[in-house]
Amino acid sequence: MSNSNKKILQTKNLSIGYQGKKLLSSLNLELERGELTCLLGPNGTGKSTLLHTLTNMLKPVSGEVYIQGKLLDKQSPAELAYLIGIVLSQKLSPVNLSVFDIVALGRTPYTNWLGHLSNIDKRAVYKAMELVGVTKFASRSINKLSDGERQRVMIAKALAQDTPLVVLDEPTAHLDVNNRVSLISLLKELARETNKAILLSTHELEMAIQLADSVWLITNHHELKSGSPEDLVLTGIMAETFKGKSIAFDMHSGAFKILHKTNKTVNLQSHGIPGYWTKHALEKEGFQITDEANASISISMNNDSPYYWKVQYNQSEVEVKCISDLKKTLRSATSECMAN
């Protein structure tokens, strides 16, 4: 397949906004077949506006959007139904429809005016349900499913629509952490298996870094940077975009780190996973870890389970067997050291 045939969506000098307010300018973006692209950025930077523009819900301020080489704003709603499948973040309103019926709605562009499903349509519905793992729920009411299961059903509906591009707006917004990971992992697999371009807006920065093929990152300066998530981490733009007074992006782990106020020091002799979580607890208590041997408080730890900690201060030594007791001991030790 040539590179030009892989490109599902392209923008040329696109500017977006609403009610006369321009949010982003000079966007030259691409989406390719078989790839999962995550749209990231702080609240209010224009993520939803961009998605609405790319799906023809909003008109561009200027510039052009092409879907498979066709100008977006020249396509009728019926024509767009063959090109773009959309999954919104809103919870599904209570409806008395089965999972099969919901997924079958994705075949509306292909059915006659009576909505009659042909054998081809039915095969497409069952194939879509199979891809997202909801076939066993086919006859069950959508109201009987969990939020995660419902979201999979809505993705199946978009897959049954059989469009080259699927766009999702915050699909994990109402899900717990296991379902968020499962859903984004599923979208990655679907992009590969179905050879579709999948674009989703999400606040799941850490998951996007681990799973996305490419990222569109809207910065605080109203610029859009695109590339592989690893490239955007290495340039520092990820850390710059999401930095705050009490939180920072850790480039080593690809995760956020709470910035605790530290006004005390402690010497910690530990390593590995036990040492990591001991350090984690101490920082929450306001301690800065130091290598200085003359620190007023020092902690040594046995790194083999069962764990225990030895706290030394003011010529005293206390042994504790859990981090809860370690924190209590440190509070007492701090008070004594300050008194002396």
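Quick check on the stretch 1-48: of everything there that is of a type outside the set (A, V, I, L, M, F, W, C) and crowded, with 21+ Cβ neighbours inside 10 Å, which residue is nearest to residue 199 (Cα to Cα)?
Selected residue: 37.
Return the residues of the stretch 274-308 that are within 24 Å of residue 259 (Cβ to Cβ) and in a strand (DSSP E or B); say none if nothing qualifies.
Across the stretch 274-308, the qualifying residues are 287, 288, 289, 290, 297, 299.
Collect the residues in the stretch 134-153 that are of a type in the set (A, V, I, L, M), over 17 Å from residue 184 (Cβ atoms) and outside any loop (DSSP other than H, G, I, E, B), keeping them in residue-number order.
142
Are there any pairs, at least 6 apart or on different chains, whose C-beta atoms fall under 7 Å, with the first in the stretch 13-29 and touching a residue at least 24 places away in the same chain (Cβ under 8 Å) and the second part of a loop (DSSP other than H, G, I, E, B) and of a type in the set (A, V, I, L, M, F, W, C), and if so, which?
Sorted first by the residue in the stretch 13-29, then by its partner, the pairs are 15/61; 16/61; 17/61; 18/58; 22/61.
Filter the strands (runs of 3 or more DSSP E) completely within the stretch 27-133 down to those with at least 3 residues that are at pLDDT 95 or above and touching a Lys or Arg at 6+ places or on another chain (Cβ under 9 Å).
30-32, 36-40, 62-67
The values are calculated or read from the model by the stated rules, or taken from the named source; none is laboratory data. The structure presented is a predicted model; accordingly, all values stated were derived computationally and were not measured. Neighbour counts are summed over all protein chains in view; Cβ atoms, including those assigned to glycine, are modelled from backbone coordinates with ideal geometry.
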